[in-house]
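**Q** This is the structure, below, for whatever I ask next.
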Amino acid sequence: MVRPQSRREFLRHMGLAAAATPFLGNLPSLGFANSAARKQRLVVVFSPNGIVPKNFWPDETGTDFQLKPIMQPFAEYKDQMLILKGMCDKIRGDGDSHMRGMGCLLTGTELFPGNIQGGSHTPAGWASGKSIDQEIKQHLQQSAETRTRFGSLEFGVMVPDRADTWTRMVYAGANKPIAPIDDPYQMFGKLYGQMKDRQNLKSILDDLQEDLGRVSTLISAEDRQLLEEQTTFVREMERELQQENPAEVGHAVPKLEPGVKEENDNMPKISRMNIDLMVNSFKADFTRIATLQYTNSVGQAKMRWLGIDEGHHGLSHEPDDNEDAQEKLTKINTWYAEEIAYLVKRLAETPEPGSVGSMLDHTTVIWTNELGKGNSHTLNDVPFVMIGGGLGFKMGQSLNLKNTSHNRLLMSLAHSFGHHVEQFGNPDHCGDGPLVLS
């Protein structure tokens, strides 16, 4: 049994300024969205190390296309799919292809120079811009009609503990990576934490504001700007706490299987646990933006439950004429498709709360990767597969867009939420505007 913390202990362990943000961010936020407007949700799912093109991309374009072996788990949802071939990550600069593939995937902008060395290319640091999921989150959080408790939720499955360019695809801003939560019990605590958190938070906000104000007189102007971001966050939390009648969760709090450890062979269990938590978070309207990151760029999961003992990244470097490796890579990517199909099925079977249709009718799930193909490290034909009706795109299609900058797709995602950005990421790759997919 954990001994309750005193107010003094709570403050001491919390710290000040930048140290306060991750702590407060993991307490249950207390806002709740207005459900009057039609809800739209976006889920971005990442799996690493490229795909097997011959077993992934349909041969046909248009509405009359056949699903290849890797895509067969989506057969039931074929008329709700949009397959985009020809999307290219044209961001260059520092870092190897794995690093740029990961760090530029959702940001569409270069990596900062840094000291993280990868492959045979130059070292690099974090991405130099915000990721599109966070851009859309910020847009939604500005309106009472679309504001949610958390704004966004970042789920993971067996993401390494280390923090580097290969392990982060979500960015709150330039040089501000956001770590996914891959421990289902930690995510459960974030979603359904004890109300004691609310009491503790109320009790320390006044003291925290005083501490932040005192620190602001002792630091540089640059640091003061960062501190102001922390202060703004605290003020927002304070306003949420002042709501007289915060909404209830709206569904039965799920029960997690106890004792599932974060280790390679439990990857299937952790995947399903976090997917179920994500669906429950949508039921409660905790968020409308979510990401789900499987391992990391250069991920080396050993999928022994598929009869594969080699690490994923090592297999992805094998040449195309190694049929054994190609078969194993196909199995690996098919397993990822099956996990995403499970998420899609859960959404399709769940009625949309307070509206018509299913949750899938209001949600678009995007499956993507940092590379188009593992052994060539190409950033061309990066896979983007969409399922669901959340963004209003014309579904039931396979398209070949042939060497199109993925920045334009990122712009389209923002536009689908009514956020009409004129560019996103590197403006050199935005000149033709958002893709027309509706």
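What follows is calculated from the coordinates using simple rules that are stated; it is not laboratory data. Everything quoted here is computed from the prediction, not taken from an experiment. Note: ideal-geometry Cβ built from the backbone for every residue, glycine included; neighbour counts use all protein chains shown.
**Q** Amide H to amide H under 5 Å from Ile181: which residues, 5+ apart in sequence or cross-chain, H placed 1.01 Å off N in plane?
**A** Hits under the 5 Å cutoff: Glu154, Phe155, Gly156.
**Q** How many percent of the alpha carbon pairs in the stretch 310-381 exceed a separation of 19 Å?
**A** The proportion of pairs with Cα distances above 19 Å equals 51 percent.
**Q** Ranked highest first by the average count of other Cβ atoms within 10 Å around their residues, in what order do 274-286, 68-80 fall?
**A** The packing order, highest mean first, is 274-286, 68-80.
**Q** About its Cα centre, how strong a charge dipole does the stretch 304-438 have in debye, to the nearest 20, once Lys and Arg get +1 and Asp and Glu get -1 at the Cβ?
**A** With Lys and Arg at +1 and Asp and Glu at -1, about 480 debye.
**Q** Aspartates and glutamates near Lys78 by alpha-carbon distance under 17 Å, same-chain residues fewer than 8 away left out - which ones?
**A** Cα-Cα hits under 17 Å: Asp59, Glu60, Asp64, Glu338, Glu339, Glu349, Asp361.
**Q** A further question on this structure: Assuming a ≥ b ≥ c are the square roots of the Cα gyration tensor eigenvalues, decide whether the stretch 126-192 counts as rounded (a/c under 1.5), prolate (otherwise, with a/b larger than b/c) or oblate.
**A** Oblate, because a/c is 1.5 or more while a/b does not exceed b/c.
**Q** So which lysines pass the test for Lys39, namely a Cα distance under 19 Å, with those fewer than 8 places away in the same chain ruled out?
**A** The reachable lysines, counting only those whose Cα sits under 19 Å from Lys39, are Lys137, Lys283, Lys345, Lys394.
**Q** In angstroms, what radius of gyration and Dmax does the stretch 348-398 have, counting Cα atoms only?
**A** Cα only, the stretch 348-398: 14.9, 48 Å (Rg, Dmax).
**Q** Please report the net charge: other residues with Cβ closer than 12 Å to the Cβ of Ser316, K and R +1, D and E -1.
**A** Taking every Cβ under 12 Å from that of Ser316, the sum is -2.
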